[in-house]
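Heads up: the structure comes next, in structure tokens.
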Amino acid sequence: MSRLWDWATAAYAVEGVAAACLDLQDHHEQNTCLLLWAGWNAVTGRRPDAETIEAACDIARAWDSTTITPLRTVRRTLKLPVPDIEDDAREAVRNRIKAVELEAERRLLLALEPLSPAPSGGPRPAIDGLVETARAWTRIIPRPALVRLAERLPA
């Protein structure tokens with residue numbers, strides 16, 4: 001069985017996954033790392049219970065609010081030219097922030113993986129895990145966007 005980080009990076013490289021994740025993140029207030037965890041659980045035959053999913057949401061919220069979202073905000077601010085800051089210097093700092101943001105996402109995935117139970121049966125459709133976890137994350141379930149992601153995740 002693959003490790004979560006390895007699976008998530010391979011999944012993110014699949015055509016359409018990054019766009020689906022960013023849509024869920026930017027337009028539906030979902031947490032990409034948490035959704036990748038949910039998809040990985042489903043396709044590897046893991047069935048976390050409601051308490052485990054809630055704990056995963058708590059960890060994701062902590063990382064998201066204290067680290068990932070603030071870093072993403074700064075990185076996105078530095079994407080466009082800033083008066084009185086040289087483009088090369090701005091881009092160098094932006095790239096460092098991007099690397100730290102990716103490391104924070106990796107750390108979040110590393111924190112989520114031990115919550116996952118051992119596989120207990122065959123794989124299930126990724127959409128099942130995505131919906132269960134999205135439901136614990138927020139009251140509004142963006143089912144069409146989750147389906148787009150699920151259709152692109154590797155089995």
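The values are calculated or read from the model by the stated rules, or taken from the named source; none is laboratory data. The shown structure was predicted, so the numbers you read here are calculated from the model rather than taken from an experiment. Reconstructed Cβ throughout: ideal geometry from the backbone, glycine too, with neighbour counts over all protein chains shown. Side chains included, ligands, DNA and RNA excluded: accessible areas come from the protein's heavy atoms. Shrake-Rupley method; radii C 1.70, N 1.55, O 1.52, S 1.80 Å.
Please work out how much accessible surface Lys79 shows to a 1.4 Å probe, ignoring ligands, DNA and RNA, in Å² rounded to 10.
Ignoring ligands and nucleic acids, Lys79 comes out at about 130 Å².
Can you list the equivalent-ellipsoid semi-axes of the chain, largest first and in whole Å, using the square root of 5 times each Cα gyration tensor eigenvalue?
Result for the chain: semi-axes of 30, 15, 15 Å.
More than 18 Å apart: what percent of Cα pairs in segment 1-88 qualify?
So the portion of pairs separated by more than 18 Å is 56 percent.
For Ser2, Ser116, Ser65, write out the residues from largest to smallest accessible area, computed with a 1.4 angstrom probe and no ligands counted.
The ordering from most to least exposed comes out as Ser65, Ser2, Ser116.
Note down, for segment 39-100, the three equivalent ellipsoid semi-axes (square root of 5 times each alpha carbon gyration tensor eigenvalue), biggest first, whole angstrom.
Over the Cα atoms of segment 39-100, the ellipsoid semi-axes are 37, 13, 7 Å.
Can you give the net charge of the other residues whose Cβ lies under 13 Å from the Cβ of Trp63, counting K and R as +1 and D and E as -1?
Cβ neighbours under 13 Å give a net charge of -1.
Tell me what the chain gives for mean residue ellipticity at 222 nm when only DSSP H runs of n ≥ 4 count, each as -39,500 (n - 2.57), the sum divided by the residue total, rounded to 500 deg cm²/dmol.
Details: 8 runs with 105 residues, N = 155.
My calculation for the chain gives -21500 deg cm²/dmol from helical runs alone.
Quick one: divide the alpha-carbon radius of gyration of segment 97-155 by 2.2 N^0.38 Å and tell me what you get.
1.33
Pulled fully out, how much extra length does the chain show between Asp88 and Leu102, if you take 0.36 nm times their separation in residues and subtract their Cα-Cα distance? The partial results should precede the final answer.
Working: separation 14, 0.36 × 14 = 5.04 nm, distance 2.10 nm.
Gain on extension, Asp88 to Leu102, equals 2.9 nm.
Using a 1.4 angstrom probe on heavy atoms only, work out the carbon and sulfur share of the accessible area of the chain in %.
Carbon and sulfur atoms account for 56 percent of the accessible area of the chain.
Given the Cα-Cα distance of Ala62 and Asp49 and 0.36 nm per residue of separation, how much length would full extension add, in nm?
So the extension gain works out to 2.7 nm.
Roughly speaking, what is the stretch gain from Leu80 to Ser2, that is 0.36 nm per residue apart minus the C-alpha to C-alpha distance, in nm to one decimal?
Full-extension gain reported as 24.3 nm.
How charged is the neighbourhood of Ala19? Take every other residue with its Cβ under 15 Å from the Cβ of Ala19, and add Lys/Arg as +1 and Asp/Glu as -1. Please report the intermediate quantities before stating the final value.
Values: positive: Arg148, Arg152; negative: Glu15, Asp23, Asp26, Glu151.
Local net charge: -2.
If packing is taken as the average number of other Cβ atoms within 10 Å across a peptide's residues, how do 100-109, 44-53 rank, most packed first?
100-109, 44-53
Just to be sure I understand: with springs between alpha-carbon atoms less than 10 Å apart, which residue in Ala55, Ala38, Ala134 has the highest mean-square fluctuation in the Gaussian network model of the chain?
Among Ala55, Ala38, Ala134, the largest mean-square fluctuation in the Gaussian network model of the chain belongs to Ala55.
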